[in-house]
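All remarks here apply to the structure that follows.
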Amino acid sequence: MIYMTNPKTLRFYWLNLQQDLFGTWCVHKIYGGLTNHRGREVWIPFKNQADASKALADVEYLKRQRGYVYSDITDVEHFALKPQTIKEVLERKQPKTTRSDMFT
């Protein structure tokens, strides 16, 4: 796993070398803004592990040339997927304001 940030543009780039459910080697890229919740996730399949490793190294090199530096993940919970119950999801939702709430 490689995690990099660009301090000038406030963006992050996360690279992984993984196999998908069918055993195909893939470069898994997650990237987006550090100050917003916009981002993207891409899986790029390759014929074998060697090709995927070379592609990962190429992307890493390109990102370093564009100002990205190696970094530690500051908010691990932002990327963590945790099982939740319906009760937990409903408790997190904020109630919507109604029109009558806006005028009081």
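The numbers here are math on the coordinates, done by the rules we state, and not lab data. Keep in mind that what you see is a predicted model, and the values were worked out from it rather than measured. Heads up, the Cβs are rebuilt from the backbone with ideal geometry, glycines too, and the neighbour counts pull from every protein chain shown.
Label-to-label distance for E88 and S53 is 3.7 nm, based on points extended 7 Å past Cα in the beta-carbon direction.
Note on M1 and R64: their simple-model spin labels are 2.1 nm apart, each label 7 Å out from Cα toward Cβ. Qualifying trypsin sites (Lys or Arg not before Pro) in the range 1-70, where qualification requires a DSSP coil assignment and no more than 16 other C-beta atoms within 10 Å, comprise K8, R38, K47, R66. Computing FRET efficiency as 1/(1 + (r/R0)^6) for T9 and T74, where r is the C-beta to C-beta distance and R0 is 22 Å, gives about 0.85.
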